[in-house]
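None of the figures in this text is laboratory data; all of them are computed from the coordinates on show. Note that this is a predicted model, so its numbers are computed, not measured. Reconstructed Cβ throughout: ideal geometry from the backbone, glycine too, with neighbour counts over all protein chains shown.
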Amino acid sequence: MRDISLHILDIAENSIRAGSSLVRIGLHADKERDELKLVIGDNGCGMSKELLSRVKSPFTTSRTTRKVGLGIPLLAANCEATGGRLDIESEIGKGTTLTAVFQFSHIDRPPLGDIAETLATLTIMNPSVDFVFSAKYNEAFDYDTRQIKAALGDVPVTQPDVMTFIREYLKEGIKQVFGGNEI
Ligand SMILES: Nc1ncnc2c1ncn2[C@@H]1O[C@H](COP(=O)(O)OP(=O)(O)O)[C@@H](O)[C@H]1O
Ligand SMILES: [Mg+2]
């Protein structure tokens with residue numbers, strides 16, 4: 001089964017393919033409401049109403065290299081298996097926002113997986129795209145590549161010491177919020 005971090009990678013890759021310059025990712029766990037909410041918003045090309053209406057069913061894709069599109073249907077199925085849901089809002093030329101809600105305590109709710117590694121990979125593999133991440137549970141943690149890049153000046157995010165810094169920073173922040181990957 002796909003963990004939450006792999007869903008994030010999948011959905012963020014859709015955003016990157018849609019030409020987004022900024023991808024916002026929010027991961028909020030709420031014990032009282034028994035909810036884990038993942039929100040991924042982008043400023044990419046958006047989807048037509050027609051595409052949006054069929055994107056949750058398998059085999060919808062705009063790829064030409066292979067026919068099956070499964071990223072969104074898999075996320076929808078994983079949400080629904082916990083009694084949650086996946087909502088998608090999209091507007092051509094403006095962008096797309098996916099909101100995935102899982103029942104937090106449900107036995108079938110996927111584990112978080114390695115969120116820090118996923119975010120580090122997205123940052124390093126897509127230096128021209130900015131990522132904003134916010135996590136909330138025991139505490140809050142925010143990550144914004146625009147701030148990191150401004151502080152770095154001419155030094156690229158792909159510089160080895162910078163990559164190490166980004167990984168450690170994310171690992172530390174996410175551990176503070178979720179207490180490792182145990183939840
Ligand atoms: N953020 C997005 N912006 C624009 N179009 C999107 C976005 N996410 C998904 N799509 C469209 O929905 C299709 C299906 O997405 P997905 O289920 O992840 O399958 P795949 O990525 O393999 O095509 C994509 O091919 C793309 O046309
Ligand atoms: Mg996809």
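May I ask for the longest run of the chain untouched by trypsin sites (Lys or Arg not before Pro) that are loop-located per DSSP and have at most 10 neighbouring C-beta atoms (other than their own) within 10 Å? Walk me through the numbers before you get to the answer.
Values: sites that count: R63, R66, K67.
Answer - 68-183.
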**Fill in**
Largest fluctuation, T97, T61, T118 only, Gaussian network model of the chain with Cα springs under 10 angstrom, belongs to T61
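Among the listed pairs K37/K171; K56/K94; K94/K171; K31/K149; K56/K136, which have their C-alpha atoms separated by more than 23 angstrom in this model?
Details: K37/K171 20 Å; K56/K94 20 Å; K94/K171 32 Å; K31/K149 34 Å; K56/K136 27 Å.
Over 23 Å apart, Cα to Cα: K94/K171; K31/K149; K56/K136.
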**Message:** Give me the percent relative contact order of region 4-178, please, defined on Cα pairs under 8 angstrom at least 6 residues apart.
**Reply:** 24
**Request:** Could you list I183, I40, I92 in order of exposure, starting from the residue whose Cβ has the fewest other Cβ atoms within 10 Å?
**Result:** I92, I183, I40
**Item:** Helix-only mean residue ellipticity at 222 nm for the chain, each DSSP H run of n ≥ 4 adding -39500 (n - 2.57), per residue, nearest 500
**Value:** -11500 deg cm²/dmol
**Item:** V23 long-range amide H proximity, modeled H, under 5 Å
**Value:** D130, F131, V132
**Prompt:** How about region 11-120: which GluC sites (Glu not before Pro) there lie in a loop by DSSP and see at most 12 other Cβ atoms within 10 Å?
**Reply:** E32
